[in-house]
Structures are given as structure tokens and as C-alpha cells.
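Some notes on the structure that comes next.
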Amino acid sequence: MRKSIISLVAAGLIAGLAPAMAQGVPDGDVPTELVLGMVPSREGGQLVDSLDRIADYLSAELLIPVKTFVSTNYVGLIEAMGTGRVDIGMFGPSSLVQAVDLYGAEIILGTVRFGETSYYAQFSVRNDSGITEFSDLVGRTIAFVDPGSSSGYQFPYVFLKTEHGIDANTDMNSIFAGSHDAAVIAMYLGDVDVSLSFNDAREDVQGDYPDILEVTNVLGYTSPIPNDGVVVRSGLDADLVTQIQDALIGLGDSEEGVAMLNDLFNASGLDYVDPEVFNIVREVASEFSRD
């Protein structure tokens, strides 16, 4: 385990008596406790348990207590980062970009799934829906996830409009289900005709709905979307940020750590990421700010 940032701070205080050791003084904020935040992408109770385990792991690695904050929506987590109530945020691509652009959050890591750093939004329908192509969606009911979700709304909305000439706001009846699980369940139960989710969110609810893969199918996918990422709020000490990065990357080095990441957001690891890969997310999001 790397030397705790708390130890570095203590060393910095002692170094006040010896200018030659002044490099131990932190260059940013070193809180007495950290808050790790996330928005549920699946059933809430499962996410809370998974996030708590990550927080306990970070507490042990950093020697700083880490608490959790589970927001009911993306806007709430972004605002919490902006006001300093959350120090470390695990975001989907769209909300990640907003946290960076609105409040100066710093992207420190991206998720890795099945060796890939991108994924797709998935349109799912029941086999008995009569929907076999995208043109069949006109006049139907669609379950999106959240207005701030990349795969659950923004990318598929733009995809429908630009690739198929369908405006989900005017050509369809749309709802926001609140989570990827809820969207695919609504489609499975026949409450809506088509659902949006990450690929393949249907497998996450298969325990409760064993035949979901048999009675539903995938109508299609969007273009690739950058994976989720981890950001830290503006102003945190650089050494502390490095230790957070190292600790989270270390989760991928053990079976237990990989299991934590898989339970949390279907990831197998966390790694460094070039912030520019999220520019495509900004381009898609700009579609919603046009008059």
C-alpha cells in the first residue's frame, strides 16, 4: 500500500520547521473524509451494497474514511460535485462531461468492459410487438432511462432522429423509467413497446425474469459510446488524486476487486483515459441545447 496522504500531510506540518522538506505540504484540499457518489444504473439496493464495498476498500487503501452518496438522478450528483458534497464521482459519459464543463471536475479514469472502452445503446422489443424495423416505432411508446443518460436517452434520441428521421418527442410516446433495469422490465411486461439501455441490460434482470432473452429481441444499436468514467471534484490535492487513481486501478488486480466492479457497473477494470475521447459526448449533448 502506498504511503497514506494523511501521512504526507503530517510530514508537511513537521516540515514547517525545516524548509528543505516543504515539499510534503499538500497543494490542494485534503479532507478528513471523502464522499464517493454514483447514480443507480440498475436496482438501487444492489448498487448501494456494491458502492459501500468500494468505499470500504478505498478507506483501507487511503487511510481516510470514505462514505457513499447515491443520487436519485444525474443532475443531483453533478450538483453535489459542484458544491463539494461529493469528492469522487462515478458517472455515465453525459453527466461526466457536464461535471467537467460546469464545475471543473477532473476525469481520472475510465471503465473497461470485456476489454473494451466503449459500448452501445440498445433498442429492445418484445417478439410479439410487431416491431421488426425502426420505421415501426412511429406512434409507439418508448422507455428511456433519464434525460442525462448517454445510452439511456441522448445517443439513442439523436440516432433515431438523424438515422431514421424519427423524433421521439413528437413521433412517439416517451417515458423516463429512471434506470436501465426499469426500462427493460417495462418493455418485457408490455408496458412500453421499446426500451433503451446499455447492452445488454436484459441479462441483469434475468434472475427475476428468466425468459426475457427468449421473449424479447434487440432491434438495433447506436454508434459506440465512451464507457463510464471516474472524476474528482476541483481542488483536491494532486497527491491524493493520484492515490485514488492507483487504488481504483488496483481493483482490477484481484478477483474480489473485479467482482466489486462487475456488481457496480458491469466493469472488469478501471484505467487511465484520454479526456478527449468524451468529445463525441459533447457533440451529441449539443443537440439538446440548440434552439
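The values are calculated or read from the model by the stated rules, or taken from the named source; none is laboratory data. These numbers come from a predicted model, not from an experiment. Note that each Cβ is placed from the backbone with ideal geometry, even for glycine, and that neighbours are counted across all protein chains shown. Heavy atoms of the whole protein, side chains included, go into the accessibility calculation; ligands, DNA and RNA do not. Shrake-Rupley method; radii C 1.70, N 1.55, O 1.52, S 1.80 Å.
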Practice problem: Evaluate the charge dipole of the stretch 102-212 about its Cα centre and quote only its size in Debye, nearest 20, assuming +1 on the Cβ of each Lys and Arg and -1 on the Cβ of each Asp and Glu. | Solution: 200
Quiz item: Using a 1.4 Å probe, what is the accessible area per residue for the chain, in Å²?
Solution: 44
Practice problem: With N set to the residue count of the stretch 49-168, report its C-alpha Rg divided by 2.2 N^0.38 Å to two decimal places. | Solution: 1.34
Quiz prompt | the chain - charge dipole about Cα centre, Lys and Arg +1 at Cβ, Asp and Glu -1, debye rounded to 20 | solution = 580
Practice problem: Per DSSP H run of at least 4 residues, take -39500 (n - 2.57); add these up for the chain, divide by its residues and hand me the 222 nm value, nearest 500 deg cm²/dmol. | Solution: -11000 deg cm²/dmol
Exercise. Could you please state, rounded to a whole Å, how far the C-alpha centre of the stretch 237-264 is from the C-alpha centre of the stretch 188-216?
Key: 30
Self-check item: Loop sites in the stretch 91-170: GluC sites (Glu not before Pro), DSSP, at most 14 other Cβ within 10 Å
Solution: Glu133
Quiz item: Picking from Thr216, Pro226, Leu251, whose Cα lies most toward the positive end of the charge dipole for the stretch 170-291 (charges on Cβ: Lys, Arg +1; Asp, Glu -1)?
Solution: Pro226
Quiz item: So for Leu102, Leu34, what's the accessible-area order with a 1.4 Å probe, most first?
Solution: Leu102, Leu34
Exercise. Rounded to whole Å and ordered largest first, report the semi-axes of the equivalent ellipsoid of the stretch 62-117 derived from its Cα gyration tensor (root of 5λ).
Key: 19, 16, 11
Quiz item: Roughly how many percent of the accessible protein surface of the chain is carbon and sulfur, given a 1.4 Å probe and a whole-percent answer?
Solution: 51
Quiz item: Within the chain, what percent of beta bridges assigned by DSSP are antiparallel, to the nearest 5?
Solution: 60
Quiz prompt | Surface/4 of the Cα convex hull for the stretch 140-291, nm² | solution = 11.3
Quiz item: Along the Cα-to-Cβ line of Ile249, 7 Å from the Cα, sits a label point; which residues in the stretch 219-236 have backbone N less than 17 Å from it?
Solution: 229-232
Quiz prompt | Cα→Cβ-extended label distance, 7 Å offset, between Arg282 and Leu213, nm | solution = 3.9
Practice problem: Write down, largest first, the equivalent ellipsoid semi-axes of the stretch 155-201 in whole Å, where each equals the square root of 5 times an eigenvalue of the alpha-carbon gyration tensor. | Solution: 19, 12, 8
Quiz prompt | Mean shadow area of the stretch 126-166 over all directions, Cα convex hull, nm² | solution = 3.1
Quiz prompt | Distance between the stretch 97-125 and the stretch 53-95 - C-alpha centres, whole angstrom | solution = 15
Self-check item: Longest segment of the chain lacking chymotrypsin sites (Phe, Trp or Tyr not before Pro) that sit in a DSSP loop with at most 14 other Cβ atoms within 10 Å
Solution: 115-271
Practice problem: Return one quarter of the surface area of the convex hull spanned by the alpha-carbon atoms of the stretch 195-269, equal to its mean projected area, in nm². | Solution: 7.4
Quiz prompt | Per principal axis, descending, Cα span of the chain in whole Å | solution = 77, 44, 29
